[in-house]
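A short reminder: the numbers here are calculations on the coordinates, not readings from a lab. Keep in mind the model is a prediction, meaning the values are calculated, not measured. Here Cβ is always computed from backbone atoms with ideal geometry, including for glycine, and neighbour counts include all displayed protein chains.
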Amino acid sequence: MNTFLRDPDMNASNELNLKDLLRIKLDVLRRAHRDLDAAVEALEMSGRPDQLGLRRLKKQKLALKDQIVKIEDDLIPDIIA
């Protein structure tokens, strides 16, 4: 039998906790948001931008921003003054 799979201390060091996973997801979402921002800007700078495509990109950007804010709220504890 593989003792590595049976030893909880060995596995614990290889596992990410929930906050680490949220931070990674937050980083990925922020990059995707920046990429969409660049795509929107490039489309707007083109001679005659596709309005439907532009609207879709902006909608995707807004959805990503909503996800980013939710994860930030989950990661940052509420401070009661």
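Using a cut-off of 12 Å between beta-carbons, work out the net charge of the residues near ILE24 (Lys and Arg +1, Asp and Glu -1, ILE24 not included). Please list the in-between numbers first.
On the way: positive: LYS19, ARG23, LYS25, ARG30, ARG31; negative: ASP20, ASP27.
The answer is +3.
The calculated P(r) of the range 11-81, using every Cα pair and 10 Å bins from 0, goes 18, 35, 24, 15, 6, 1 in percent. Summing charges over all other residues whose Cβ lies under 12 Å from the Cβ of GLY53, with Lys and Arg as +1 and Asp and Glu as -1, gives +3.
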